[in-house]
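The block underneath contains the structure these notes are about, expressed in structure tokens.
Bear in mind these aren't lab numbers, they're just calculated from the coordinates by the rules spelled out. Nothing here was measured: the structure is a model prediction, and the numbers come from that model. Neighbour counts are summed over all protein chains in view; Cβ atoms, including those assigned to glycine, are modelled from backbone coordinates with ideal geometry.
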Amino acid sequence: MEDTSALRKLLDRDEFKFSENLDRKTEGLVFDKRTIDAIFQVFKEFSIRSLDFPISSGKEALVFKVIGNKGPLVMKIFKMSTLKFSNIQKYIDGDPRFKNYRKTRGNIVYLWTRKEFSNLSLCEDNGIRTPRPYGFKENILLMSYVGTKVSPAPKLKDVTELKREKYLTDAMLQYRSMVEKAHIVHADFSEYNILCHMGRSYVIDLGQAVSNEHPMAAEFLKRDIDNMRNYCERNRIEFREDWVPELRRNDEDE
């Protein structure tokens, strides 16, 4: 399989480096051999033909548009060396869905990937607009692509002033359904984690989302709502109280 676009750029930037010991100080390390192996396993298992273009390159993950046999998808690759154990442990500990999983520095990134896939699946099952999850392998997550042929959908923070209130309203309805129907709290909800495409809002980056039964769920919910209140204030949009969801446990009656 030959690729001369995004994958070539990664190789040229030395993003793919080999290390068998992730417990050592690995400043600058992005991907180890296991990640490279997982990438090619994902390509094979899901019939990915090529990488199209990078969507985002952050401290914790790289996101690419990839081309499969049935069209474009998104491949999110969590970085083994920069996704900090201490930063994400609080979103996993206390979530009853993952209480039986072994949590170590060696497997925490794999568990984080599984967690985002699980959260996306819950949203899909409950009719909440997020990228559709297709599968995961090690620290790689595959999901549907939201955007045009030439560029991904913009985030709420980047849409024009005339469209902000419409997309915000739709995003808050998705968020309320996420809490009340899927029984998860996003825990990092802001204008940075909302995609706006063809009049519809899509909630993204659900790795940290926790079950309503998590001991910090109420605190995370308040933080999410405060983020959106502040966004409204900065953009002179009225925040509607009916956007605020009711935090219910999974076993409570709807």
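Quote the convex hull volume per residue of the chain, based on C-alpha atoms, as a whole number of Å³.
136 Å³
Where in segment 159-254 are there chymotrypsin sites (Phe, Trp or Tyr not before Pro) that are in a DSSP coil and have at most 15 other Cβ atoms within 10 angstrom of their Cβ?
Sparse-neighbourhood loop chymotrypsin sites (Phe, Trp or Tyr not before Pro): Phe239.
Could you check how many percent of all C-alpha pairs in segment 182-249 are farther apart than 13 Å?
Cα-Cα pairs in segment 182-249 separated by more than 13 Å: 67 percent.
Between Arg176 and Ser56, what is 0.36 nm times their sequence separation minus the Cα-Cα distance? Round to one decimal in nm.
Fully extending the segment from Arg176 to Ser56 adds 40.5 nm.
Taking 0.36 nm per intervening residue step and subtracting the Cα-Cα distance, what contour gain separates Lys157 from Lys84 on full extension?
Fully extending the segment from Lys157 to Lys84 adds 23.7 nm.
Looking only at Cα atoms, what is the convex hull volume of segment 60-122 per residue, in Å³?
Dividing the Cα hull volume of segment 60-122 by its residues yields 101 Å³.
How compact is segment 68-203 by the rule of thumb for globular proteins, expressed as Cα Rg over 2.2 N^0.38 Å?
For segment 68-203, the normalised Cα radius of gyration comes out at 1.11.
Which of the helices in the chain, when you take each full DSSP H run, stretch at least 24 Å along the axis at their Cα atoms and have an average Kyte-Doolittle score of -0.5 or higher?
Those that pass (Cα extent of 24 Å or more, hydropathy at least -0.5) are 108-125.
Can you give me the relative contact order of segment 156-243 as a percent, contacts being Cα pairs under 8 Å and 6 or more apart?
It comes to 30 percent, rounded to a whole number.
Let me check I've understood the local charge: for Glu124, count other residues with C-beta under 12 angstrom from its C-beta, Lys and Arg +1, Asp and Glu -1. What total comes out?
+2
Loop only per DSSP, at most 16 neighbouring Cβ atoms within 10 Å: give me the trypsin sites (Lys or Arg not before Pro) in segment 82-174, ordered by residue number.
Qualifying residues, ordered by number: Lys84, Lys99, Arg102, Lys103, Arg105, Lys149.
Test of understanding: ordering Ile108, Ile184 by Cβ neighbours within 10 Å, fewest first, what list do you get?
With the sparsest Cβ surroundings first, the list reads Ile108, Ile184.
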